[in-house]
Structure formats: C-alpha cells, structure tokens
Amino acid sequence: MKERLRLLELMVTIREFEELTRRLYKEHVIQGALHLYIGEEATAVGACAALRPDDYILSTHRGHGHCIAKGGDLKKMLAELAGRRTGYCRGRGGSMHLFAPDIGLMGGNGIVGGGIPLALGVAYAVRYNETDQVVVCFFSDGASNQGTWHESMNMAALWNLPLIFLCENNQYAATTPVADTLCVPDVARRAAGYGMPGEVVDGMDVEAVREATARAVSRARLGEGPSLIECVTFRYEAHCMVLADHRKRPKGETERWQGHDPIDLLEKRLLNDKQATSEEIASLRQSVLDKLQEAEFFARESEFPDPEEFRAEHERGNWQCVR
Amino acid sequence: MRQIRYTQALNEALHEEMERDPSVMQLGEDIGPYGGVWEIHRGLLSKFGPMRVRQTPISECGFIGLAVGAAMSGLRPVVEIMYIDFITTAMDQVINQAAKLPLMSGGAVKVPLVIRGEQGSGTREAAQHSQNLESWFVHTPGLKVVMPSTPYDAKGLLKSAIRDDEPVMFLEHRLLYGEKGEVPEGEYVVPIGEGIVRREGKDLTVVSTSYFLLKVLEAAQTLEAEGIDVEVIDPRTLMPLDINLIVNSVQKTGKLLVVQEATVVASMGAEIVRQVVETAFDALQATPRVIGNAHVPMPYSPVLEDTCMPSRGDLLETIRQMAVGTRSKRIVS
C-alpha cells in the first residue's frame with residue numbers, strides 16, 4: 001500500500017477502534033478506566049511512522065493509539081480491554097497497561113509521568129547494548145509538570161541517550177486547561193533548560209509529525225542525543241468515560257479543532273494530490289471496520305482468565321486470608 | 001576462616017556478580033570515583049567503566065525509574081539509595097512501577113532489579129535519616145524484602161538478589177557496616193526466603209533481624225547466666241517469610257517475642273504475630289509480644305532518641321517477664 005494511504009488507514013483504525021471501545025464500555029464488555037484517543041490520531045501515527053519495528057515506544061494511560069500505530073494486533077488489544085486470557089497481558093493489565101515487547105511497546109502507564117523514567121531506562125539499555133535503536137516516550141502536557149519528566153530530561157541529555165520526548169499537548173490535563181498548568185506558552189521551550197532541541201509541530205498533521213520525529217530519530221541514531229517534540233493536538237472527548245469535561249469547554253472550541261481534523265486533513269491531501277479516490281478511501285474505511293468486527297468477535301468469544309490458574313501462579317498471594 | 005567487614009562483603013558480591021554477568025550494572029549517587037559514600041562501590045568504576053557503574057544526579061525517582069526500564073529491557077540493575085528515607089521521593093517507581101509491571105504485563109516483561117541501601121535508627125540523624133521502612137515494602141505485593149544481619153548473609157543474599165528475576169528490596173543497617181564476620185573466599189549464595197536459627201533454646205522464641213539481632217544475641221547470652229534459655233531466629237528475608245521456621249520454634253518454646261527497630265504499629269513484627277497466632281494458637285503459652293521503636297518521628301537529641309528505642313535493659317526485662325509469664329497471667333505493658 002502507498003505509504004500515505006497506510007497513514008490514513010492507521011488513523012482511521014484508531015478512531016474506529018475508539019468508537020468501538022466506547023460502545024463496548026456501554027455494554028460493560030469493557031469496564032473500569034477507558035481513555036479515548038479520538039482527535040489525537042496523527043501524533044501516534046506520525047511518530048511511529050518514523051520508527052523501525054525494532055525501535056521502542058512507551059505509552060500512557062491513553063494508549064490505544066500508540067499500540068495500533070506501532071503495529072499492535074487489534075484482536076489481542078480488544079481481548080485485553082475485555083479482560084480475556086487471549087489479551088496482550090492475559091487480562092492482567094487492561095486498557096491502561098498494554099505491553100507488547102515483540103512490537104517494541106514497553107507498556108502503557110496508569111500514572112501520569114510514571115512511564116517517563118522507564119523510557120529513560122529503555123534508552124539506557126539500548127546504549128548499554130550498543131545497538132542503534134531509538135526510544136519514543138509519549139507523554140502529555142500534564143506529565144510535563146511531573147518531577148519525573150524534568151529528572152528524565154536532565155539525565156537523557158546528560159548521558160546523550162537515544163530518546164525522543166514526544167509531547168501530546170492535547171490542551172487539557174484531565175479537566176484543567178493547559179494555560180492553567182504551564183508556566184510557559186509551550187512545553188517545547190522547556191527543552192532549552194536541558195540543552196536539547198525542542199520543536200512545536202502541528203499535531204493534527206500526521207506528515208508534519210512524521211517529519212519532525214524522523215529528524216529527531218536521525219539525531220538519536222547518530223548518537224547526537226535526545227530531542228523534545230511538542231505535538232499540538234486536541235482531545236475531542238472527555239478525559240475518561242465517567243467524566244463529562246468535554247461538555248464544559250468554551251463554546252465552539254471542540255468544533256474549531258474538529259475543523260482541523262487529522263483524518264480529514266490527510267484525506268483532502270490525498271484527493272488533491274490524486275493519490276487516492278473517494279472510492280479507495282471508502283473501501284479502506286470498510287476494510288478497517290471489517291477488521292474491527294473480527295477483533296470484536298474474537299474478544300467476545302475469548303475465555304476469561306482462570307482464577308484457579310492465577311492463584312497457583314501467585315503462591316505468595318496469601319490466599320488463605322481471602323476466604 | 002577470614003573475617004571481613006559487612007561493607008567489604010557487599011563490595012565483593014558486586015564485583016563477583018558484575019564479573020559473572022555482563023548485564024549487571026550499578027546506579028546511584030556518588031558511586032563513581034568516590035566509590036559510594038559507604039565505600040561499597042570501591043574499585044567498580046575503574047574495573048567496569050561508567051556505562052556499568054553509573055553515578056547519578058540527585059534524582060532518586062528518575063534513576064530508580066531508569067533502573068526499572070533497564071530491567072524491563074534485560075539488564076540487571078543494582079541501585080543504591082544512600083539513606084532509605086530518600087526512597088520516599090521515588091515511591092511511585094518502586095510501588096506502582098517495579099512491583100506491578102511484571103503482573104500487569106501478563107509476564108511480557110520482567111523486572112530483575114535490586115534496590116539496596118541502609119536504614120536504621122540510633123545515629124542521632126533525626127527524623128528524616130532514621131527510619132526503618134521494611135514493613136512498607138513487605139506490605140506491597142510484587143516486592144521481595146531482604147534484611148541481612150551478618151557479612152556472610154550480606155554477600156550471599158546480595159548475590160541471590162541480583163540473580164533473582166523479581167524486584168528485591170535489600171535493606172542494610174548502617175551500624176552493621178563496620179561489623180566483621182566470617183566470609184569464605186569462594187563462591188556461595190544464601191537463598192532468599194530461608195531463615196536461620198541463630199541460637200537454640202527452649203524457653204522463649206525471639207525473632208529479630210538486622211542490627212537488633214546483635215543486641216538480642218547479646219541479651220540471650222546475658223540471660224543464660226540467669227537460667228533463661230532463649231531461642232533466637234533471624235528470618236533474613238521478610239518477604240517471602242520463612243514462617244515455618246518460626247512456627248516450629250514457637251511450638252517448641254510456646255512463647256514468641258519479636259524485636260525490631262521499626263515502629264511497631266502495622267509492622268512486620270505485628271505481621272509475624274498474626275501469622276503465628278493464626279497457625280499455632282494452641283502452642284502459645286504466653287501472650288506474644290512485639291517491641292520496637294515508638295510511634296513518633298525520631299527526635300534528634302540523644303536522650304530523646306534513646307527514649308524512643310527499646311534499650312538493652314528493656315530487652316532484658318521483656319525477655320525475663322515473658323520467660324516466666326503464662327497465657328493465664330497476661331502481661332500488660
């Protein structure tokens with residue numbers, strides 16, 4: 001498939017995957033915490049498009065998009081979200097904790113900023129093993145206010161590690177607007193304090209994200225150290241399924257960002273450049289929906305993990321005090 | 001057999017494990033040219049280089065997280081926390097990351113990590129440098145907790161901890177660092193999870209570990225002259241705990257005293273009593289007890305610190321009372 005069509009396919013997959021999880025959540029097939037990535041598709045897809053299969057990423061609590069963009073298996077993802085034994089983590093992790101080292105995904109994280117030092121460690125191991133892999137650490141505007149971020153920025157620069165700090169500035173930390181949490185106009189300028197390049201890119205433009213990431217990747221592979229990229233994007237939906245913060249935003253804000261939608265943007269470019277026809281795009285969308293239907297069927301039909309097996313696996317579980 | 005100091009035993013373990021396995025590395029403050037403030041890293045930097053002996057900024061949360069990420073990627077990091085009190089700045093990485101990632105990932109990643117450092121009271125360093133935090137870590141599923149009390153165990157258990165595929169909290173005591181003990185020249189390990197009977201006796205079981213164990217052994221020696229025969233058990237590992245060794249002893253003596261330096265409320269001592277009461281209640285001939293530090297932040301002034309810790313006299317008196325007491329004559333403290 002043409003590369004640009006592949007970018008479109010991945011973004012459509014993420015959006016439709018999230019729509020499906022929303023539906024499955026309402027049916028209680030998915031329970032607990034669920035954070036939708038709708039609106040932010042271009043950042044994950046653009047960043048991962050600049051990576052090799054053996055490069056690493058570290059994800060966040062809002063991580064479905066990262067997993068799909070890095071080549072994740074939709075069936076194993078959805079089965080994990082449904083708590084089934086066939087899921088990526090055998091039903092132990094759920095939505096916020098997708099781990100797939102085979103595709104370079106070293107885990108989501110339920111603690112905002114918690115995964116950033118882990119990315120530092122993965123990058124350290126890359127240097128230790130003297131390979132030319134790179135690590136992309138996804139985090140948000142919110143996480144850039146955590147101490148872990150500042151500590152990790154300092155150490156990554158100090159030791160020249162092959163780490164790309166990829167900020168998804170989606171304008172809100174849970175319900176709090178970024179202007180109320182950041183002491184500078186953008187996260188990228190904080191890079192200067194750690195002696196590394198910082199760049200702001202249009203996070204709704206998948207190709208711009210890919211190009212910026214490719215530049216940072218090239219620096220990292222050449223041993224020139226870490227970079228910070230701030231992708232300016234927008235979360236269309238609430239922070240999570242039990243909040244309604246998206247309904248309390250300034251009037252017209254969401255609509256304004258939707259007018260700069262990452263999927264529409266690339267579709268228009270493909271049509272303008274005559275690299276795809278409307279029919280091709282419609283058929284691409286249909287094939288995504290078909291794959292998701294298969295994944296949904298797989299997840300629903302999969303068995304739950306066996307509690308007895310789990311108990312046996314965890315001898316130190318002090319089970320005699322449970323019942 | 002040769003006698004070496006506790007810190008030398010730790011240093012030997014680090015040298016030997018780094019020679020044996022190229023994935024073993026060190027992280028911590030001041031561990032480079034200076035060799036660590038406790039001198040446990042002596043000679044490592046010049047032998048293994050900065051990639052494997054990484055001196056860090058004062059960023060405990062960041063470098064423990066780095067160690068977790070490196071462990072997920074196949075390395076075997078050993079992190080030094082200069083004072084265990086400082087780990088509070090890194091608790092997310094210990095509790096939410098290191099302890100949980102193996103399970104949450106469904107086994108997709110392992111975290112073969114050792115976090116080692118000294119703790120303890122009694123050195124007049126005030127409340128932020130005088131804690132004993134082992135019970136916090138025991139309380140957290142996903143961590144192993146080791147507390148060696150002799151140079152022999154320090155070396156053998158550190159080697160086991162480094163080879164373990166799970167995160168291990170390796171808690172030392174700074175007043176043990178200068179203690180000497182027999183350590184053989186050759187290779188050996190002490191398995192995690194095995195306690196040891198330090199002294200056999202028939203009147204009372206005293207469970208203690210780390211620096212307090214030395215005081216308990218001295219007290220047992222003193223009381224022998226009074227005809228009190230104390231059995232002393234050193235669990236060496238608190239998670240997993242060798243509860244059978246303790247229960248077997250209590251079944252013989254009928255009495256249990258746990259002596260610890262940590263504050264007692266919701267502590268390891270309380271946990272040991274719970275387990276013994278639940279599994280061997282009928283064997284108990286006296287009310288089991290725990291003595292340890294008072295439930296206050298440790299004050300600085302020597303006279304105040306001393307009043308917060310069980311003294312030699314307190315220890316002797318508690319053992320004497322328990323040795324003669326019975327369950328029908330409950331001892332109220």
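Dividing the convex hull volume of the alpha-carbon atoms in region B:3-182 by its residue count gives 103 Å³ per residue.
For region A:66-119 versus region B:149-210, the inter-centroid distance based on Cα atoms is 38 Å.
Gyration tensor analysis over the Cα atoms of region A:167-299 returns equivalent ellipsoid semi-axes of 29, 24, 16 Å (largest first, whole Å). Around the amide H of B:MET239, modelled in the peptide plane, lie the amide H atoms of B:VAL145, all under 5 Å away and 5 or more residues distant in sequence or on another chain.
Placing a pseudo-label 7 Å from each Cα along the Cα-to-Cβ vector at B:LYS47 and A:ILE103 gives an inter-label distance of 4.4 nm. Of the cross-linked pairs A:LYS76/A:LYS291; A:LYS70/A:LYS251; A:LYS26/A:LYS291, those separated by over 23 Å at the C-alpha level are A:LYS70/A:LYS251.
Counting only Cβ charges, +1 for Lys and Arg and -1 for Asp and Glu, the dipole size of region B:3-182 around its Cα centre is about 280 debye. In sequence order, region A:84-97 has phi-based couplings of 9, 5, 8, x, 3, 10, 6, x, 8, x, x, 3, 7, 10 Hz under the Karplus curve 6.51 cos²θ - 1.76 cosθ + 1.60, θ = phi - 60°, and Gly or Pro positions carry x.
For A:CYS240, A:CYS48, B:CYS61, the sequence from fewest to most other C-beta atoms within 10 Å is A:CYS240, B:CYS61, A:CYS48.
One chain, two ends: B:ALA294 and B:GLN3. Fully extended at 0.36 nm per residue, the span grows by 101.3 nm beyond their Cα-Cα distance.
Applying D = kT/(6 pi eta Rh) to region A:131-186, where Rh is the Kirkwood radius over alpha-carbon pairs, T corresponds to 20 °C and eta to 1.002 mPa s, the Stokes-Einstein value obtained is 174 µm²/s.
Length, then width, then depth: along the principal axes, the Cα atoms of region A:3-304 run 49, 42, 39 Å. Between the amide H of B:ARG198 and those of B:VAL232, B:ILE233, B:ASP234, distances stay under 5 Å, these residues lying 5 or more places away or on another chain, with hydrogens modeled in the peptide plane. Ordering B:MET147, B:MET309, B:MET239 by the number of other Cβ atoms within 10 Å of each residue's own Cβ, fewest first, gives B:MET309, B:MET239, B:MET147.
Taking the DSSP bridge list for chain B and keeping only pairs wholly inside it, about 20 percent are antiparallel. Sequence-distant contacts, meaning Cα pairs under 8 Å at least 6 residues apart, place the relative contact order of region B:1-160 at 25 percent. Couplings 3J(HN,Hα) for region A:62-77, derived from phi with the Karplus relation 6.51 cos²θ - 1.76 cosθ + 1.60 (θ = phi - 60°), are 9, x, 4, x, 5, 5, 5, 5, 8, x, x, 8, 4, 5, 5, 5 Hz, where x marks Gly and Pro. The residues A:ASP141, B:ASP314, when put in order of fewest to most other Cβ atoms within 10 Å, stand as B:ASP314, A:ASP141.
Each residue of region A:223-238 was assigned a 3J(HN,Hα) from its phi angle through the Karplus curve 6.51 cos²θ - 1.76 cosθ + 1.60 (θ = phi - 60°); the sequence is x, 8, x, x, 9, 10, 10, 9, 8, 8, 9, 8, 8, 5, 9, 5 Hz, with glycine and proline shown as x. Placing dummy labels 7 Å off each Cα toward the beta-carbon, the span from A:GLU211 to A:ALA244 is 4.3 nm. Taking amide H as placed 1.01 Å from N in the peptide plane, the amide H of B:VAL24 sits under 5 Å from that of B:ARG76, each at least 5 places away or on another chain.
As a length-normalised measure over Cα pairs under 8 Å and 6 or more apart, the relative contact order of chain A settles at 23 percent. Its alpha carbons give the protein assembly as shown an Rg and a Dmax of 28.2, 99 Å. Using a cutoff of 8 angstrom between alpha carbon atoms and counting only pairs six or more residues apart, the relative contact order for chain B works out to 15 percent.
Taking 21 Å as the straight-line reach from the Cα of B:LYS180, the lysines in range (excluding those fewer than 8 positions away in the same chain) are B:LYS155, B:LYS159, B:LYS215.
Read-outs: derived from the displayed coordinates by stated rules, not from any lab. Bear in mind the structure is a predicted one, so any value in this text is a computation, not a measurement. Cβ atoms come from the backbone with ideal geometry, glycine included; neighbour counts cover every protein chain shown.
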